[in-house]
Amino acid sequence: MRRTAVSAWNLLRCAHPEPVFAITAAVGVLALSAGRGWSTVSAVTAVFAGQLFVGWTNDYLDRDLDRRSARPDKPIVAGLVPADRVWVGAIVALAACVPLSLANGLAAGLVHLAGVGLATLYNLGLKSTPASVLPYVLAFGMLPAFITLGQHPAHLPPAWATAGAALLAGGAHFTQVLPDIDAERGLGIRGLPHLLGVGGSTVAAALLIAGSALLVLLGPGHPGELQLAVLGLTLVVVGGIIGAGLSGRHRLSFRLTLLAAGGVALIFVLSGGALA
């Protein structure tokens, strides 16, 4: 039993569980606040399956690169999970993602699947180009539409919600890559974070995340005192992202990004379900 649990955990590690659960939880909170009710279940399960597919595909496709980078923290490289098992997991997750996405309605489902497709393009090679941030910005910018198009009646989200989600995702891209910039530069990878370097990527991440928080605060209009207080705390976390990134604590910088994302989501919820 314990061996099975360890094997399952190592398989999950290949999917990058921190962003998987953070993104899934954020979608659930936003869908509930937007009035999706029980259909929140279909939104959450679709996003969870999609994130598993993207994460497993990423580790499977990067396995040779990770070996060359000497990444013992990667379960495939460490020999803890066979690469074929990760690939099977990705296929199963994709097979689940398609019907789960379409269960939210045809328009919402196609939007979500388009986002998953953009993330797959990132895994297939866009991550190594100056356009590496675009799949993040475009895919996560679609999430508010995935939520609102699954409502009754279906409608598009306000522009500020789309822009806020896009900016937040762009910031997450820069901090997620921080730990690997130096090693991947040596392997010829030239994504946008690699071109900007650690300092430039850290500052870019902070500006994008702060911009996202301000958009979500001001977009619905008339922010209250509680929203302003959460904004203040979120900006403190953004300061921590800068400090951690510039001092070499890159994984902490990414974890603080997830915390800041939670702050942005809370500001949104306190606005009273502005996607409804």
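The values are calculated or read from the model by the stated rules, or taken from the named source; none is laboratory data. Since the structure is predicted, the reported quantities are computational estimates derived from the model, not experimental observations. FYI the Cβ positions are ideal-geometry reconstructions off the backbone, even for glycines, and counts take in every protein chain you see. We work out accessible area using only protein heavy atoms, side chains counted, and drop any ligands, DNA or RNA first. Shrake-Rupley method; radii C 1.70, N 1.55, O 1.52, S 1.80 Å.
The table for this structure:
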| quantity | calculated |
| --- | --- |
| Residue match in segment 48-55 (condition: on the phi < 0 side of the Ramachandran plot and over 14 Å from the mean Cα position of the chain (by Cα)) | no |
| Pair list, Cβ under 7 Å, 6 or more apart: segment 186-210 residue touching a residue at least 60 places away in the same chain (Cβ under 8 Å), other residue of a type in the set (S, T, N, Q) and open to solvent by 40 Å² or more (accessible area, probe 1.4 Å) | I189/S128; R190/S128; R190/T129; G191/S128; G191/T129 |
| Matching residues, segment 217-244, being at pLDDT 95 or above, of a type outside the set (A, V, I, L, M, F, W, C) and crowded, with 17+ Cβ neighbours inside 10 Å | T234, G240 |
| Scope segment 22-42; condition at pLDDT 95 or above and open to solvent by 60 Å² or more (accessible area, probe 1.4 Å); matching residues | V41 |
| Residue within segment 185-200 that is within 26 Å of A31 (Cα to Cα), open to solvent by less than 10 Å² (accessible area, probe 1.4 Å) and out of contact with any Phe, Trp or Tyr (no Cβ under 8 Å at 6 or more places or on another chain) present | no |
| All positions within segment 158-172 that are of a type in the set (A, V, I, L, M) and either in contact with an Asp or Glu (Cβ under 9 Å, 6 or more places away or on another chain) or open to solvent by less than 30 Å² (accessible area, probe 1.4 Å) (or both) | A161, A165, A166, A169, A172 |
| The lone exception for T40 - which of (1) over 19 Å from H173 (Cβ atoms); (2) of a type in the set (S, T, Y); (3) in contact (Cβ under 8 Å) with a residue 24 or more places away in the chain it fails | (3) |
| Failed condition for T57, given (1) open to solvent by less than 60 Å² (accessible area, probe 1.4 Å); (2) touching a Ser or Thr at 6+ places or on another chain (Cβ under 6 Å) | (2) |
| Test for T45: is it open to solvent by less than 40 Å² (accessible area, probe 1.4 Å) and in contact with a helix residue (DSSP H, G or I) (Cβ under 7 Å, 6 or more places away or on another chain) | no |
| Residues that are part of a helix (DSSP H, G or I), open to solvent by 50 Å² or more (accessible area, probe 1.4 Å) and more than 19 Å from P19 (Cβ to Cβ), drawn from segment 89-127 | I91, V92, A95, V98, P99, L102, L106, A107, L110 |
| Helices (runs of 4 or more DSSP H) lying entirely in segment 12-81 (those with 2 or more residues that are farther than 20 Å from P99 by Cα and of a type in the set (G, A, S)) | 17-33 |
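Quick grid of which residues meet (1) open to solvent by less than 60 Å² (accessible area, probe 1.4 Å); (2) of a type in the set (A, V, I, L, M); (3) touching a Ser or Thr at 6+ places or on another chain (Cβ under 9 Å):
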site: D73; (1), (2), (3): no, no, no
site: L80; (1), (2), (3): no, yes, yes
site: A83; (1), (2), (3): yes, yes, no
site: V137; (1), (2), (3): yes, yes, no
site: L156; (1), (2), (3): no, yes, yes
